[in-house]
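This report concerns only the one structure given below.
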Amino acid sequence: MANRLRFDESVSSGLSSEMQKLGFTDYEAKIYIQLLRMHPVTAYELSKVTGVPRANAYHALESLTRKEAVQPVSEDPVRFVPVPPQVLLEGIASSTQRRCDRLTSQLNSMSKSEDTQYVWTISGEPAVDERIKQMILSAKKSIWIKAQDQVLRRHEEVLRSMAHAGVEIFIILFGEEAEEFHYSDNVKIYLHEGNGKTIGTADNLFTITVDHEQLLTANVQGKVFASYTRNQPIVTTAESLIRHDYYMAEIMLRYGDEIHETFGPHLKSLRESRFTPEQLERFHQQLGLS
């Protein structure tokens, strides 16, 4: 029983902390969580159960009522019930999005021009994934991606929705099964160099451009971080590299045997002539070449 109580207290503490991040006070969070467990109840009863001082419990309930998190259901005495969590949180999400949209418009109107010359650094997998998601959702015409299959899967839901919305999606894939990502006829997928094999350190990057205007390239191995820009020369350079990967994929599919005979497997002689010693060692290790 004691262990169960400690578990309940731990869960409640975690939920309270998350609610405070959404703008609720500690007392408001405690009152709302307790109301989910028992209702309808009075402010006096809530004060006794939660340990929140009576005056603070009344104040918290008044505030929660204004926030449409609880509602009174009787008089003399007044008893309260909680608004269902899904209804409450969907309302918060909707109002927050509207507020962010208004603020974005107002702040943009204060800027004399858009700064497109900068490159921004984004650190941490959650932040990088969120920026990628927002880029994908902002697409109006095209999304170009060069990525490993296991990283691409994290963004499958939004990519699928944009493909069905008519956005052109062009993918250079490191992996074995391209068909997995063929969400609709708007998606064109090519295995890197015709085989999808990961060769060098640059192949561990996730690169995406949107509408030929935005670019993000991320390191997805080890410490995750990304660079984001709307700088047009940089975006154009990244798309040129992706475009040449497409050329190489088509060339390898048609002339692969001749190319292997001339340059060795995986363009061995070409890569050996331009790889750094570290890249060369990795290349040999990955492909088991001597």
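The values are calculated or read from the model by the stated rules, or taken from the named source; none is laboratory data. This is a predicted model, so every value here is computed, not measured. With ideal geometry, Cβ positions are generated from the backbone for all residues, glycine too; neighbour counts draw on all protein chains shown. Surface accessibility is based on the protein's heavy atoms, side chains included, excluding ligands, DNA and RNA. Shrake-Rupley method; radii C 1.70, N 1.55, O 1.52, S 1.80 Å.
Observations, loosely collected:
- Taking all protein chains together and a 1.4 Å probe, the residues Met135, Met19 rank Met19, Met135 from largest to smallest accessible area.
- Dipole orientation for the chain: of the candidates Val83, Phe263, Tyr247, Val83 has the Cα lying most toward the positive pole (charges on Cβ; Lys, Arg +1; Asp, Glu -1).
- The chain: angle of helix 26-37 to the longest principal axis, Cα-based, in degrees nearest 10: 80
- Carbon/sulfur fraction of accessible area - the chain, other protein chains in place, 1.4 Å, %: 52
- About its Cα centre, the chain has a charge dipole of approximately 1000 debye under the convention of +1 per Lys or Arg Cβ and -1 per Asp or Glu Cβ, with nothing else charged.
- Relative contact order (%) - criterion: Cα under 8 Å, at least six apart; region: region 74-186: 20
- DSSP beta bridges confined to region 146-290 are antiparallel in about 60 percent of cases.
- Solvent exposure, largest accessible area first (probe 1.4 Å, DNA, RNA and ligands not counted), of Ser109, Ser138: Ser109, Ser138
- Between the helical axis of 125-138 and the longest alpha-carbon principal axis of the chain there is an angle of about 80 degrees.
- Remark: region 44-123 carries 75 Å² of accessible area per residue (probe radius 1.4 Å; ligands, DNA and RNA excluded).
- Residue ranking by accessible heavy-atom surface, 1.4 Å probe, largest first, among Ser95, Ser16 comes out as Ser95, Ser16.
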